[in-house]
1. Let me confirm something: among 308, 376, 358, which residue is at pLDDT below 95, touching a strand residue (DSSP E or B) at 6+ places or on another chain (Cβ under 7 Å), assigned by TED's automatic domain parsing to the domain that holds residue 17 and over 22 Å from residue 144 (Cα atoms)?
2. With respect to residue 199, determine if the residue is in contact (Cβ under 8 Å) with a residue 12 or more places away in the chain, more than 30 Å from residue 320 (Cβ to Cβ) and not assigned by TED's automatic domain parsing to the domain that holds residue 35.
3. Which condition breaks for residue 344 when tested against (1) under 30 Å from residue 265 (Cα atoms); (2) modelled with pLDDT under 95?
4. For residue 193, work out the one condition from (1) assigned by TED's automatic domain parsing to the domain that holds residue 103; (2) surrounded by fewer than 22 Cβ atoms within 10 Å (Cβ to Cβ); (3) at pLDDT 95 or above it doesn't fulfil.
């Protein structure tokens with residue numbers, strides 16, 4: 001038997017226990033950087049299976065399996081939850097009011113935990129690291145902290161999965177290149193002396209200036225940035241004024257700027273500042289622009305993605321499909337700034353009823369997707385360790 005078959009065999013034996021892990025995690029969600037009980041739970045399971053997890057300074061941990069080698073194969077699971085009330089009605093629903101695993105991180109964690117425990121029973125030819133990362137759901141993401149804490153030291157490549165409720169369980173979506181988008185936040189404060197709406201010429205009209213930015217900035221970006229990059233600016237918050245006949249002294253505008261092109265992302269802050277200056281110059285208003293850089297797009301390595309696809313087809317010859325590029329952000333991108341790897345989409349829709357969306361309190365995940373994820377990762381391990389040693393083979397040291 002190969003590694004993939006051994007992992008599948010382990011899963012058949014421990015399936016009931018693995019589902020119990022997921023249901024515990026689901027009912028005990030914790031917010032970003034507050035995953036203390038979650039970290040304790042993961043650590044206890046790994047210790048029970050004879051492993052030696054290493055905790056990060058805050059929350060989260062990693063565990064190494066197999067021989068201590070350079071160029072380890074790594075897998076990442078995010079462990080935090082969202083400040084969203086659960087509305088699923090499940091028997092194991094969240095026990096914490098206003099907090100839930102509405103992005104499926106409980107499933108990601110369970111898959112990675114099962115993989116680590118299954119691999120602990122095998123004699124591996126090379127080292128594997130499983131990373132349980134905190135704080136994926138906050139700006140910039142906890143991946144940058146994991147990297148700073150040495151979580152990627154000795155790692156040669158990395159893989160991850162994200163549940164996809166639009167995709168039927170059993171399917172795995174793969175995509176070379178950008179599978180997510182960079183996500184930045186624009187925060188613009190505009191100010192003027194204020195005045196009466198009957199005499200706008202004697203003051204600087206803050207509301208008018210806000211309106212110009214709301215309409216002109218997205219339009220100008222569409223003329224300054226290649227539309228094929230999937231760059232889009234959408235404002236979600238505008239605040240100003242207190243009376244219909246008074247021109248306010250201040251106003252605030254906030255929105256998100258997303259792009260699938262990492263080169264565009266690196267230059268966007270300068271371009272936005274230039275355009276905002278030009279839009280507001282004729283209004284006489286002053287302004288303060290705060291540009292919050294988020295995460296770059298997840299850029300899946302072509303060879304790593306091919307390996308992921310091959311691993312998926314080994315689990316189910318009809319199971320691999322093309323994944324669309326998402327406008328959402330994911331901090332797995334920070335890892336791919338350092339080592340090659342790939343993130344796949346894990347189908348979790350049961351095939352019955354509505355297809356619920358991520359970041360919604362009614363998200364339902366078919367638990368059969370957990371077994372698909374574990375077997376897929378087991379197949380990745382087998383194929384990674386048996387990859388051919390020839391030019392063009394998947395090797396982080398050669399390619400990157």
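1. Result: 358 is the single residue among 308, 376, 358 that is at pLDDT below 95, touching a strand residue (DSSP E or B) at 6+ places or on another chain (Cβ under 7 Å), assigned by TED's automatic domain parsing to the domain that holds residue 17 and over 22 Å from residue 144 (Cα atoms).
2. no
3. The one condition residue 344 does not meet is (2).
4. That leaves (1) as the condition not met.
The values are calculated or read from the model by the stated rules, or taken from the named source; none is laboratory data. The structure presented is a predicted model; accordingly, all values stated were derived computationally and were not measured. Here the Cβ is made from the backbone with ideal geometry for all residues, glycine too, and neighbour counts use every protein chain on show.
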